[in-house]
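K.L.:
Next up is a structure, given as structure tokens.
The values are calculated or read from the model by the stated rules, or taken from the named source; none is laboratory data. This is a predicted model, so every value here is computed, not measured. Here the Cβ positions follow ideal geometry from the backbone for every residue, glycine too, while neighbour counts run over all protein chains shown. Accessible surface areas use protein heavy atoms only, side chains included; no ligands, DNA or RNA. Shrake-Rupley method; radii C 1.70, N 1.55, O 1.52, S 1.80 Å.
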Amino acid sequence: MRVATTEEDEYLQQISKLQNDNYILLNEIMLCESQIKGYKEQRRKETTKFVTDICICIFLCLFAFICSIAGRFNMYVGAISLATCGVFIVVPFFIIYTIIVSIKYYAKISSHELAINLSKKFKVENIYTAEITNASSIIKYKNVIDENQRKINELSLGYDELKKKNDELFAEELKSGARKDDFNFEAYNNFIDISNEQIDYNKMRVELTSLTKKRKDLEDSLEKMMQNEEQCKKSVKLFLLLLIMLIVTMLLLLLVIRFDSDVMTNYYAIIFLNLAIIASVIIMPINLVNAIVNLPYLSDSKIAILIADKIGLDNTKHERKGMMEVLSAVNNRIKVLEEEMINIKSLMDEKKKD
């Protein structure tokens, strides 16, 4: 055994510094990726809020229209509806509010220059600009990592050549008796054991730890996605069933009104029909929004991918396929690493015995 010379030590220190720089840059990349995911979640929330406001506005307008029509045919029903909700007072204010929300939504998520200028005037963050900034940072960091890795490879090559040369010199001097085992080339060096196997083993152990964590995160994410898909299916089925029940109810009430000649029966049938129509007006846009939002989690079609991209949804069914492929690749790499580490460990144990 021998210890590193000063020149070898310098190579190792430079390699260590570049590896540490890459580690810091990888953390920066993870931070940027986390921020991008946060922006996707923010876009989803903003879109959900925007669609909800639009649906409420449409509902109020339709509700006002239905109330006015009902008031023409039945003054009693119309008067109760208008007195109960004061719909004609609420609608104009809510329309103005919806217009403001729509402009702010456009300023937050659009990539157009007008939207970016509006975001500055409204003092809101433009999500597109923020995502581009983080994506550009990721590309820059990856380029630096690649350059550092190139330097590491060059330094490793130079180190290996120098080590081989010094190992041969050390073996010759040991054989001739000019040096003793464990003799230090320089008294002030760091006493670093030279072992390519140990270096490779440590690198593999670090990679294995990272891949094991990544595998666990992927498995947890996939499990949550499966559970979320079941919840989405139940939600869509529930709203669809409710809408079908309302439609059947309206058809039955229309049949009663058409074929029953009793005045009181028709009177109450008309009242319930109006209520069913109002309920349908509420349920239909909610059902539509619910189906649109849940579609990317239930399908990997092009329209589902487009919806997910525009709304900012993640962990969709389309992404799940990619995650399963990544998980398969990670499992294969972990298997290879474990086999290689066992072989290297056996080789190091044999050298210790010798």
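K.L.:
List the residue pairs whose Cβ atoms are under 7 Å apart, where the first residue sits in region 143-159 and is over 12 Å from residue 21 (Cβ atoms), the second is open to solvent by 80 Å² or more (accessible area, probe 1.4 Å) and not aromatic (Phe, Trp, Tyr), and the two are 6 or more positions apart or on different chains.
P.N.:
Between residues of region 143-159 that are over 12 Å from residue 21 (Cβ atoms) and residues that are open to solvent by 80 Å² or more (accessible area, probe 1.4 Å) and not aromatic (Phe, Trp, Tyr), the close pairs are 155/14.
K.L.:
I've got another one for you. Please count how many residues of region 236-272 are closer than 13 Å to residue 294 by Cβ and surrounded by fewer than 16 Cβ atoms within 10 Å (Cβ to Cβ). Break it down into steps so the answer makes sense when it comes.
P.N.:
So in region 236-272, the residues closer than 13 Å to residue 294 by Cβ come out as 236-240.
Okay, now just the ones that are also surrounded by fewer than 16 Cβ atoms within 10 Å (Cβ to Cβ), so 237-238, 240.
Residues that pass the stated criteria total 3.
K.L.:
Something else: Applying the selection to region 38-57, what residues are of a type outside the set (A, V, I, L, M, F, W, C), out of contact with any Gly (no Cβ under 9 Å at 6 or more places or on another chain) and open to solvent by less than 50 Å² (accessible area, probe 1.4 Å)? Please lay out each step first, then the result.
P.N.:
Step one: filter region 38-57 for residues of a type outside the set (A, V, I, L, M, F, W, C), giving 38-49, 52-53.
Now drop any that are not out of contact with any Gly (no Cβ under 9 Å at 6 or more places or on another chain), which leaves 38, 48-49, 52-53.
Result: 38, 53.
K.L.:
Which residues, taken from region 119-153, are under 24 Å from the mean Cα position of the chain (by Cα), farther than 12 Å from residue 26 by Cα and not small (Gly, Ala, Ser)?
P.N.:
Listed by number, the residues that qualify are 124, 125, 126, 127, 128, 129, 131, 132, 133, 134.
K.L.:
Name the single residue, out of those in region 273-287 being of a type in the set (A, V, I, L, M, F, W, C) and without any contact (Cβ under 8 Å) to a residue 60 or more places away in the chain, that is least open to solvent (accessible area, probe 1.4 Å). Break it down into steps so the answer makes sense when it comes.
P.N.:
Keep residues of region 273-287 that are of a type in the set (A, V, I, L, M, F, W, C), which gives 273, 275-279, 281-284, 286.
Filter again for without any contact (Cβ under 8 Å) to a residue 60 or more places away in the chain, leaving 273, 275-276, 279, 283-284.
Working: 273: 24, 275: 97, 276: 7, 279: 32, 283: 22, 284: 111 Å².
Checked region 273-287; the qualifying residue least open to solvent (accessible area, probe 1.4 Å) is 276.
K.L.:
Since residue 150 meets every condition but one in (1) surrounded by fewer than 13 Cβ atoms within 10 Å (Cβ to Cβ); (2) over 25 Å from residue 333 (Cα atoms); (3) modelled with pLDDT of 80 or more, which condition does it not meet?
P.N.:
(2)
K.L.:
Being of a type in the set (A, V, I, L, M, F, W, C) and surrounded by fewer than 11 Cβ atoms within 10 Å (Cβ to Cβ) is the filter here, so list the residues in region 108-125 that pass it.
P.N.:
114
K.L.:
Name every residue in region 289-303 that is closer than 24 Å to residue 56 by Cα and either crowded, with 19+ Cβ neighbours inside 10 Å or free of Cβ contacts under 8 Å to residues at least 12 places away in the same chain (or both), in order of residue number.
P.N.:
Filtering region 289-303 for residues closer than 24 Å to residue 56 by Cα gives 289-296.
Residues satisfying the conditions are 293, 294, 295, 296.
K.L.:
Out of 314, 309, 349, which single residue is at pLDDT below 80, assigned to a loop (DSSP other than H, G, I, E, B) and open to solvent by 30 Å² or more (accessible area, probe 1.4 Å)?
P.N.:
Values: 309 fails: assigned to a loop (DSSP other than H, G, I, E, B); 349 fails: assigned to a loop (DSSP other than H, G, I, E, B).
Being at pLDDT below 80, assigned to a loop (DSSP other than H, G, I, E, B) and open to solvent by 30 Å² or more (accessible area, probe 1.4 Å) holds for just one of 314, 309, 349, which is 314.
K.L.:
Would it be correct to say that residue 336 is among the aliphatic types (A, V, I, L, M), closer than 17 Å to residue 209 by Cβ, open to solvent by 50 Å² or more (accessible area, probe 1.4 Å) and assigned to a helix (DSSP H, G or I)?
P.N.:
Answer is yes for this residue.
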